[in-house]
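**Q** This is the structure I want to talk about, given as structure tokens.
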Amino acid sequence: MADHYEVLGVSRDATPDEIKKAYRRLARELHPDVNPGADASERFKMVTHAYDVLSDPRQREQYDLGGQGGFGGAGGQNFGGFGDIFETFFGAGQQTRGPRSRRERGQDALIRVEVGLEEVIFGTHRDIEVDTAILCETCHGSCCQPGTSPVTCDICHGTGSIQRAVRSLLGNVMTSSPCGTCRGYGTVVATPCVTCQGQGRVRARRTVPVDIPAGVDTGVRLQMPGSGEAGPAGGPNGDLYLEIKVRNHDVFSRNGDDLLCTLEVAMTDAVLGADTTIPALDGDVRVELHAGLQSGEILTVKDRGVTKLRGTGRGDLKIGVQVVTPTKLSSKERDLIQQFAHSKKAAGPALSHFQQGLFARLRDRFLG
Ligand code: ZN
């Protein structure tokens, strides 16, 4: 077990001044700014921890209690078997837990992907560049220089934890804390891989091919298992999540699986009827304008919307009609319209409730 007095190289009855001097001498020698070695950095942590404990009179007293006699003999009282009671009170396994593994699962990653509305209709493919962590090619996740391996920590003897007796209301109880030298791993990487600095993984840019399914909408998250960051020390990859944002389109908008647009129709076409072709996102669509077409009518073209994300088939293309009244007339045109007005005695303007129809909502979408 690590002995704080040995770490600082002082005797057990050292005065506070001797302890302080010993710490300063070692700190000057091992401080990471002076001594960049990984070994020195670990020793520096040990020395600092030892000093933290021994420079505090209360902590030093507790440490002496545990450090000298251990569990059973502390203070001359026999606490043999207390560990069982402790476990009963505070949950089993705390003291028997072995060293923890360096291998951990990598983190999940979240990437935002913007796609055009036209890509959403049938789905699309993207090669997405991700800044991530990948397995170190040099050590293959062992964290050690090739040909070397981790050595058993000689402070905790491979258990990963340090037992200490602490005085409490219940008497002296053993507490267990992670070994500061090996950080609870039970082993120390004496010669870390230089490529990854002993992490077992390196940062890299990776290309992830992604098939974005048809029908996705803004806010949808796609999970790609195992495409996240590689874990430390050869641990499994986390997952990659793609959060979709669908770009707004100048003409077409979306309502569920339906695509919406507005078509301006000349007054004469609305009166007489006409055939027209509109360039939809997935190619031309022939639209028949029937005679007597009204502003606010919705023309539905079946199955020309977005492919459904779940289920089968496609939504519809819905075309809101806006009849355009001519504003500039030649005198001849004006005469013709007047002749029409005389021949057909039209009803005067009629008052009714303000229409909150689908067309009004369509228009709001564009204005909004
Ligand atoms: Zn490596």
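The values are calculated or read from the model by the stated rules, or taken from the named source; none is laboratory data. Small disclaimer: the values here were computed from a predicted structure and weren't measured. Here the Cβ positions follow ideal geometry from the backbone for every residue, glycine too, while neighbour counts run over all protein chains shown. Heads up: the accessible areas ignore ligands, DNA and RNA and are worked out on the full protein's heavy atoms, side chains in. Shrake-Rupley method; radii C 1.70, N 1.55, O 1.52, S 1.80 Å.
**Q** Would it be correct to say that T138 is in a loop (DSSP other than H, G, I, E, B), among the β-branched types (V, I, T) and either within 16 Å of the ligand (Cβ to nearest atom) or surrounded by fewer than 20 Cβ atoms within 10 Å (Cβ to Cβ) (or both)?
**A** yes
**Q** Further, regarding this structure: Return yes when T312 is under 23 Å from L263 (Cα atoms), hydroxyl-bearing (S, T, Y) and at pLDDT below 95 and no when it is not.
**A** No; evaluated as a whole, the condition is false for this residue.
**Q** Looking at segment 218-225, is at least one residue in contact with a helix residue (DSSP H, G or I) (Cβ under 6 Å, 6 or more places away or on another chain) and either open to solvent by less than 30 Å² (accessible area, probe 1.4 Å) or on the phi < 0 side of the Ramachandran plot (or both)?
**A** No, that holds for no residue.
**Q** Just a yes or no: is a residue in segment 187-208 among the hydrophobic types (A, V, I, L, M, F, W, C), assigned by TED's automatic domain parsing to the domain that holds I121 and within 30 Å of T307 (Cβ to Cβ)?
**A** Yes, some residue in segment 187-208 is among the hydrophobic types (A, V, I, L, M, F, W, C), assigned by TED's automatic domain parsing to the domain that holds I121 and within 30 Å of T307 (Cβ to Cβ).
**Q** Sticking with this one: Among all residue pairs at least 6 apart or on different chains, which show Cβ distances below 8 Å where the first residue, located in segment 122-136, is in the same structural domain as G311 (by TED's automatic domain parsing) and the second is of a type in the set (D, E, K, R) and within 16 Å of the ligand (Cβ to nearest atom)?
**A** Qualifying pairs under 8 Å: none.
**Q** What number of residues in segment 4-25 are in a helix (DSSP H, G or I) and either open to solvent by 30 Å² or more (accessible area, probe 1.4 Å) or within 21 Å of C156 (Cβ to Cβ) (or both)?
**A** Number of matching residues: 13.
**Q** Which ones in segment 185-206 are within 14 Å of the ligand (Cβ to nearest atom), small (G, A, S) and surrounded by fewer than 20 Cβ atoms within 10 Å (Cβ to Cβ)?
**A** In the first step, residues of segment 185-206 are kept if they are within 14 Å of the ligand (Cβ to nearest atom); the result is 189, 191-204.
Remaining after also requiring small (G, A, S): 198, 200, 204.
Within segment 185-206, A204 is the sole residue that qualifies.
**Q** While we're looking at this one, here's another question. Would you say H249 is surrounded by fewer than 18 Cβ atoms within 10 Å (Cβ to Cβ), in contact with a helix residue (DSSP H, G or I) (Cβ under 6 Å, 6 or more places away or on another chain) and of a type outside the set (D, E)?
**A** yes
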